[in-house]
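In what follows, a structure is listed as structure tokens, so that the remarks can point back to it.
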Amino acid sequence: MSEVLRLSGVSKTYGGGETAIEVLNEADLTIDRGEIVALAGPSGSGKSTLLHIAGLLDNADAGRIEVGGSDVSGLDDRGRTAARRAEIGFVYQFHHLLPEFSAVENVVLPQLASGVGAKPAGKRAEELLASVGLAGRAGHRPAELSGGEQQRVAMCRALANRPGLLLADEPTGNLDVETSESVFEMLLGLVRNEGLGALIATHNPELAGRMDRTVTLSGGKIV
Ligand code: ADP
Ligand code: MG
């Protein structure tokens, strides 16, 4: 099976001197295409830090990051942006949609930035939104959508450019239990449909149990 993500010896310390916090200490992790992995660990164990580094949103102090089989650790900002746009979808705990744009525009825009034409981008966006039950909400702005609907749009946006890897940071952590259940089910459905590899941080053992396997952050390492 081909790898969508490989982290080798990834280390990260915040601050310095007496107040330095070592968050990651030579963490290793590999995710194959089509595999959905839960990232567990208590609050403060470094889940967000690891996801941001894997998502090329933050830099590691040391270690190697391979996405889709290519080493991306040495890329400059421009290269990182290009690799992120092409290869990685990211879902945050809070939706981070653009407030001035409609749901469908939020899913179209990353595709336009990657050079996809307006027509195929619109078609892809409408298909994704329909697949999470939002066909009737495509023209609404984020403020006109419920929390669960906003998060469903954010999931569609993350998948818009057909990345090989999906990273999600407690994607249903802000939702009530019932909404969380259904949104999480849709996320797993989307990821399986698209055949992606995924790393999804969650506090919830029940949600973790629905993924293919669980890895846990402890003492800065993946165990
Ligand atoms: P988790 O997502 O598992 O709750 P985080 O990755 O957010 O953990 O945080 C891990 C540790 O790193 C925490 O102790 C947190 O306070 C610290 N931390 C996270 N981001 C920063 C930052 N930008 N500056 C300093 N410390 C940080
Ligand atoms: Mg976190």
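Coordinate-derived values only; no laboratory data. This one's a predicted model, so the numbers in the text were calculated from it and none came from an experiment. Methodologically, a virtual Cβ is constructed for each residue, glycine included, from the backbone with ideal geometry; neighbour enumeration extends over all protein chains shown.
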Taking the Cα centre of each part, how many Å lie between the range 42-112 and the range 131-195?
-> 16 Å
Using just the helices of the chain, give the 222 nm mean residue ellipticity in deg cm²/dmol: DSSP H runs with n ≥ 4 each add -39,500 (n - 2.57), and the total is spread over all residues, rounded to 500.
-> -11000 deg cm²/dmol
Normalized C-alpha radius of gyration of the range 1-132, against 2.2 N^0.38 Å?
-> 1.21
Taking neighbour counts of Cβ atoms within 10 Å as a proxy for exposure, in what order, fewest first, do 186, 155 appear?
-> 186, 155
So for R0 = 35 Å, FRET eff. of residue 59-residue 178 from the Cβ-Cβ r, to 0.05, ends up at 0.35
So, counting K/R as plus one and D/E as minus one, what does the shell of residues with Cβ under 14 Å around residue 64 add up to?
-> -4
What lysines sit close enough to residue 221 to cross-link, taking a C-alpha to C-alpha distance under 22 Å and skipping anything fewer than 8 places away on the same chain?
-> 12, 47
So the FRET efficiency between residue 218 and residue 185, C-beta based with R0 = 30 Å and rounded to 0.05, is 0.60
Which value, in debye to the nearest 20, describes the size of the charge dipole of the range 101-223 about its Cα centre when Lys and Arg Cβ atoms bear +1, Asp and Glu Cβ atoms bear -1, and nothing else is charged?
-> 520 debye
Dividing the surface of the Cα convex hull of the range 116-201 by four yields a projected area in nm² of 5.6 nm²
Which whole-Hz couplings ³J(HN,Hα) result when phi for each residue of the range 203-213 is put into the Karplus expression 6.51 cos²θ - 1.76 cosθ + 1.60, θ = phi - 60°, listed in order with x for Gly and Pro?
-> 8, 9, x, 5, 5, 4, x, 8, 8, 6, 7
With no solvent term and unit scatterers on the alpha-carbon positions of the chain, Debye gives log₁₀ I(q)/I(0) at q = 0.11, 0.15, 0.17 Å⁻¹ of -0.52, -0.97, -1.22
In whole Hz, what ³J(HN,Hα) sequence does the range 132-139 give by Karplus (6.51, -1.76, 1.60; θ = phi - 60°), x for Gly and Pro?
-> 10, x, 10, 3, x, 10, 4, x
Non-local amide H neighbours of residue 26 (under 5 Å, H modeled in plane, Pro and chain starts lacking H): which ones?
-> 10, 11, 12
Might you report the magnitude of the Cβ-based charge dipole of the chain about its Cα centre, with Lys and Arg at +1 and Asp and Glu at -1, to the nearest 20 debye?
-> 620 debye
If we count other beta carbons within 10 Å of each Cβ, what is the order of 213, 85, fewest first?
-> 213, 85
Note: probe point = Cα of residue 206 + 7 Å toward Cβ; backbone nitrogen < 17 Å; residues of the range 179-194 passing the test are 179-188
Applied in sequence order to the range 61-68, the curve 6.51 cos²θ - 1.76 cosθ + 1.60 (Karplus, θ = phi - 60°) yields integer Hz couplings, x standing for Gly and Pro, of 7, 7, x, 10, 10, 10, 10, x
Hey, fewest Cβ within 10 Å first, where do 31, 36 land in order?
-> 36, 31
